[in-house]
Amino acid sequence: MRNQKKKKKKLKATAMASNYLRNLNRIIHDRFQPLLNGTRFFSDGASSFPQPQPKPKQPPSPLSSSLNVNELAKFAAIADTWWDSEGPFKPLHLMNPTRLAFIRSALCRHFKKDPYSAKPLEGLKIVDVGCGGGILSEPLARLGATVTGLDAVEKNIKIAQLHAGLDPVTSNIEFCCTTAEKLVEEGRKFDAVMALEVIEHVAEPAEFCKSLAALTVPNGATLISTINRSMRAYATAIVAAEYILRWLPRGTHQWSSFLTPEELVLILQRAGIHVEEMAGFVYNPVTGRWSLSDDISVNFITLGTKSNNTE
Ligand SMILES: C[S@@+](CC[C@H](N)C(=O)[O-])C[C@H]1O[C@@H](n2cnc3c(N)ncnc32)[C@H](O)[C@@H]1O
């Protein structure tokens, strides 16, 4: 009798427990099933359960924007002075022959071309990133290169197009208002990619270098010029050029945005570019001329190459 009572109690408890579990299952199913739609479970058919597949190749993560709106506003404000050799871009006009001497000889060495021929850069596709009014793009075209100039400031591009259109040799330069990262998205490639005096004005220098690298063909060349974050640069490129000589509007450069040569080499290396050549630009206040030098304490330029197997 006692045993029968015990059995009944046990059966009742089992029935209650299975009822409880059934209800719980239904609640879980109703709540979570929508989240699991399309998910295949092991119990759906163990024999046909798919074997682990190799992970699909992830698309490259989008490059972040290099645009720094405050910096761009400074250039937009003085865009109509690009070709005034006594205006705010005077230092770039004065520096142009010296930096072209470096570019010409370094590119000819790299691409095994004759630097003494009339058109030593003939056959090379070059992009001039942050071209401004085109004061570098034009002589590159005269040296025989096929040039694309890009700048994020629309006014700069308009000035560049107007000026280049005055000479049939430079009138076929392709000028676009865009960014390096947009050209990467479009899948554009160039033998030589150059960004002269631009990196100190962009939002993310390391990401910017990745875009420059992505635009460069394997075995191609990437050239960057900028200002060293040194005390000498603070004294000359900011205090003297902006406050004493008034060559540039005050606030053109932020000392903290400058990169040291070591930092530039490192971020280029991380982008797959190996720096092979470096030179300094030195200004002689007596002659008013710039010359190439081993002194990289203020202005410097690098040429890096993208290795063959980096894609
Ligand atoms: C100091 S100027 C140098 C112009 C030219 N590279 C030269 O050396 O003669 C810097 C130029 O970079 C452009 N710039 C700045 N940030 C940029 C970016 N993220 N993408 C494209 N152009 C940019 C500015 O509009 C400006 O024309």
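None of the figures in this text is laboratory data; all of them are computed from the coordinates on show. Since this is a predicted model, take the numbers as computed values, not measurements. As a convention, Cβ positions derive from the backbone with ideal geometry for all residues, glycine included, and neighbour counts pool all protein chains shown.
Taking other Cβ atoms within 10 Å as a rough exposure proxy, 231, 95 sort from fewest to most as 231, 95.
With 24 Å as the limit, the listed pairs 155/306; 158/306; 119/189 have 155/306; 158/306 beyond it between alpha carbons.
In this structure the amide hydrogen of residue 216, modeled in the peptide plane, comes within under 5 Å of the amide hydrogens of 190, none closer than 5 places in sequence on its chain.
Protection proxy ranking, highest mean first, for peptides 211-217, 140-146, 162-168: 211-217, 140-146, 162-168, where packing is the per-residue count of other beta-carbon atoms within 10 Å, averaged. For segment 81-129, the dipole from Cβ point charges (+1 on Lys and Arg, -1 on Asp and Glu) about the Cα centre works out to 320 debye, to the nearest 20. Straightening the chain between residue 270 and residue 67 buys 71.0 nm, computed as 0.36 nm per residue apart minus the Cα-Cα spacing.
Within the shell of other residues whose beta carbon sits under 9 angstrom from the beta carbon of residue 196, the net charge comes to -1, with Lys and Arg scored +1 and Asp and Glu -1. Amide H to amide H, with H built 1.01 Å from N, residue 203 comes under 5 Å of 67, 68, counting only residues 5 or more places away or on other chains.
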